[in-house]
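Peer 1: Sharing a structure with you now.
The values are calculated or read from the model by the stated rules, or taken from the named source; none is laboratory data. Predicted, not measured: the structure shown is a model, and the values here were computed from it. Glycine also receives a Cβ, built like all others from the backbone with ideal geometry; neighbour counts cover every protein chain displayed. Heads up: the accessible areas ignore ligands, DNA and RNA and are worked out on the full protein's heavy atoms, side chains in. Shrake-Rupley method; radii C 1.70, N 1.55, O 1.52, S 1.80 Å.
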Amino acid sequence: MSAGERAKAKAEQVVGKTVRKAAHALHKETLAAKGAALEARGRARGAKEQTKGFFNH
């Protein structure tokens, strides 16, 4: 299960970064903010999974 969560976290980071960069290129600041939020959520999920992995070993 943890591997699935890690994959989901990485996917959120990649999608968020892509959306953010594309929105900046098109001068869509609201969409860029949503992409940044998605990227941050992915980073937070990844940090949570790393912490869980640290304490489980």
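Peer 1: I'd like the orientation of helix 29-56 relative to the chain: the angle between its Cα long axis and the longest Cα principal axis, in ° from 0 to 90, rounded to 10.
Peer 2: Value to nearest ten degrees: 10.
Peer 1: So, one more: Cα axis of helix 2-25 to longest principal axis of the chain: angle in degrees, 0 to 90, nearest 10?
Peer 2: In the chain, helix 2-25 runs at an angle near 10 degrees to the longest axis.
Peer 1: A follow-up question, please. Are there GluC sites (Glu not before Pro) in the chain that DSSP puts in a loop and that have at most 12 other Cβ atoms within 10 Å, and which ones? Spell out each step's value before the answer.
Peer 2: On the way: sites: Glu5, Glu12, Glu29, Glu39, Glu49; in loops: none.
Here no loop site has a sparse enough neighbourhood.
Peer 1: Counting heavy atoms of the protein chains only and a 1.4 Å probe, report the per residue accessible area for the chain as a whole number of Å².
Peer 2: For the chain, the per-residue accessible area is 74 Å².
Peer 1: Can you give me the distance in nm between label points at Ala11 and Arg43, each placed 7 Å from the Cα along the Cα-to-Cβ direction?
Peer 2: Placing both labels 7 Å beyond Cα along the Cβ direction yields 2.2 nm.
Peer 1: Something else about it: Work out the count of Lys pairs in the chain where the Cα-Cα distance is under 17 Å, with the pair 8 or more places apart or on different chains.
Peer 2: Counting lysine pairs in the chain gives 10.
Peer 1: Next question, about the same structure. From Cα pairs below 8 angstrom and at least 6 apart in sequence, can you work out the relative contact order of the chain, rounded to a whole percent?
Peer 2: With pairs under 8 Å counted, the relative contact order is 43 percent.
Peer 1: Report the Stokes-Einstein translational diffusion coefficient (µm² s⁻¹, integer) for the chain, Rh taken as the Kirkwood radius over Cα pairs, at 25 °C with viscosity 0.890 mPa s.
Peer 2: 210 µm²/s
Peer 1: Next question, about the same structure. Trypsin sites (Lys or Arg not before Pro) within the chain: which are DSSP loop residues with at most 16 other Cβ atoms inside 10 Å? Please list the in-between numbers first.
Peer 2: Working: sites: Arg6, Lys8, Lys10, Lys17, Arg20, Lys21, Lys28, Lys34, Arg41, Arg43, Arg45, Lys48, Lys52; in loops: Lys28.
Those that pass, being in a loop and sparsely packed, are Lys28.
Peer 1: With all protein chains present, how much of the accessible area of the chain (probe radius 1.4 Å) comes from carbon and sulfur, to the nearest whole percent?
Peer 2: 63 percent
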